[in-house]
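Take a look at the structure below.
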Amino acid sequence: MTIKPPFQPIFHSIDRADSVQINRIVDIWNAACGTDLAISPRFATYNLQPSPGGLQSAWLVLIEDQPAGFVSASYLHDPTVVSHAGWVDAIAVAPNAQRQGVGTAMLHQAEAWLKQQGSQTVTIGAGLRPFVPGVPERLETVDFFKQHGYGTEAAHISRQWDVAANLATYKPPSTVREVDAVVRPVQPDDHEFLLSFLQREFPTHWRYAYEEYRAAGGRVSDYMVLWTERGIDGCCLITFEDSLHPIERFYPYRLPRPWGHLGSIGISKDRRGQGLGATLLDAGLRRLHNNGVNGCVIDWTDLLDFYAKFGFNPYRSYWMISKSL
């Protein structure tokens, strides 16, 4: 049944412990975004919770007692990570309610809540627990957000990609050369060394993400570290199908299983350009390959030429868009 205006949308706060609401959210998102961007109840439950120090609110929208859409927003003010930033983590309208003002009503609801928390900027996607890094280009919805003031300035719009490869026959490329470093999975005694590296080199989002992952009980060996003569000079995070992060967050469905993911990945600023990044990436990919992973995604990047050397091709693209409140 098509929902026709005039209508009165009813906003219900979402309880992530309510399996009925979670299933409704999953159904709405999957119907709106398609199988290529499908989410699962585990995915939704994991993402619909605030990160440490942050706030989150999400609403299920009913029209005439029928689920019409849902929207989730999060906010963080932590000077060590980001100041007064807000995100619309997810927004989806059921197909039978689209182009009738439901999306606009939900976006206004999320923006009003973010402004009330003190948010100075709002970004679509790309949050602390992102459903997507930005607006998926294939959905062709970026104009909707532009009509509401997003991406109208050059500083508020950019393009990012997920890249993917089949690691079944992975072999190190010629760009990987011998370096004086060792790469291995993190061990329990490495914590202080890894944290010190992240505080020095990536003190905002990546340091925060590591501490959150560890506090949530994530498997520490999913992180890999590159050791040089002075200590840790690089790290990357690997996701397997049984890792804390739901593998579906990277939408690997077009790739052969088993699935895996790699990223974030980074090297000390004063050690870049020496081949250490290639060494670290190669070690991570070989570990995934040796554990039987075939389809691998590296998400949220614009380094297409670098990853192409390792057999990765563009898999999905996003518009990263934001605006000031």
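If I filter region 173-183 down to residues being in contact with a Ser or Thr (Cβ under 9 Å, 6 or more places away or on another chain) and not β-branched (Val, Ile, Thr), which single residue comes out as least open to solvent (accessible area, probe 1.4 Å)?
Checking each candidate, the answer is ALA181.
With the requirement that a residue be of a type outside the set (A, V, I, L, M), open to solvent by 20 Å² or more (accessible area, probe 1.4 Å) and without any contact (Cβ under 8 Å) to a residue 60 or more places away in the chain, what does region 60-74 give you?
Of region 60-74, the ones of a type outside the set (A, V, I, L, M) are 64-67, 69-70, 72, 74.
With the extra rule that they be open to solvent by 20 Å² or more (accessible area, probe 1.4 Å), the set shrinks to 64-67.
Across region 60-74, the qualifying residues are ASP65, PRO67.
When you scan region 303-325, how many residues do you find that are of a type in the set (S, T, N, Q) and under 30 Å from SER174 (Cβ atoms)? Explain how you work it out, then say what you get.
Let us first name the residues in region 303-325 that are of a type in the set (S, T, N, Q), namely 313, 317, 322, 324.
Narrowing further to those that are under 30 Å from SER174 (Cβ atoms): 313, 317.
The number of residues fulfilling the criteria is 2.
For region 303-317, give me each residue that is of a type in the set (D, E, K, R) and open to solvent by less than 30 Å² (accessible area, probe 1.4 Å).
Initial filter on region 303-317 (of a type in the set (D, E, K, R)): 305, 309, 316.
Of everything in region 303-317, just one residue is of a type in the set (D, E, K, R) and open to solvent by less than 30 Å² (accessible area, probe 1.4 Å), namely ARG316.
Pick out, from region 1-90, the strands (runs of 3 or more DSSP E) lying fully within it that include 2 or more residues that are among the polar types (S, T, N, Q).
The qualifying strands (runs of 3 or more DSSP E) are 55-63, 66-78.
Could you tell me which residue of region 79-97 is farthest from LEU37 (Cα to Cα), considering only residues that are in contact (Cβ under 8 Å) with a residue 60 or more places away in the chain and out of contact with any Gly (no Cβ under 9 Å at 6 or more places or on another chain)?
It comes out as THR80.
Quick one: which strands (runs of 3 or more DSSP E) sit completely within region 215-325 and have at least 3 residues that are of a type outside the set (D, E, K, R) and free of Cβ contacts under 8 Å to residues at least 60 places away in the same chain?
223-228, 231-239, 259-267
Does ASP89 qualify as being surrounded by fewer than 15 Cβ atoms within 10 Å (Cβ to Cβ), of a type outside the set (A, V, I, L, M), closer than 21 Å to VAL132 by Cα and out of contact with any Cys (no Cβ under 9 Å at 6 or more places or on another chain)?
no
How many of the residues making up region 16-52 are among the small types (Gly, Ala, Ser), under 23 Å from GLY217 (Cβ atoms) and open to solvent by less than 70 Å² (accessible area, probe 1.4 Å)?
The number of residues fulfilling the criteria is 3.
Name the single residue that is surrounded by the fewest Cβ atoms within 10 Å (Cβ to Cβ) among those in region 254-268 being among the aliphatic types (A, V, I, L, M) and closer than 27 Å to TRP227 by Cα.
Of all residues in region 254-268, those among the aliphatic types (A, V, I, L, M) come to 255, 262, 265, 267.
Still in the list and also closer than 27 Å to TRP227 by Cα: 262, 265, 267.
Details: LEU262: 27, ILE265: 20, ILE267: 24.
Per the criteria, the residue is ILE265.
How many of the residues in region 188-213 are open to solvent by 30 Å² or more (accessible area, probe 1.4 Å), in contact with a strand residue (DSSP E or B) (Cβ under 9 Å, 6 or more places away or on another chain) and not acidic (Asp, Glu)?
7
The values are calculated or read from the model by the stated rules, or taken from the named source; none is laboratory data. The model shown is predicted, which means the values in this text are computed figures rather than measured ones. Note: ideal-geometry Cβ built from the backbone for every residue, glycine included; neighbour counts use all protein chains shown. Please note that ligands, DNA and RNA were not included when accessible areas were found on the heavy atoms of the full protein model with its side chains. Shrake-Rupley method; radii C 1.70, N 1.55, O 1.52, S 1.80 Å.
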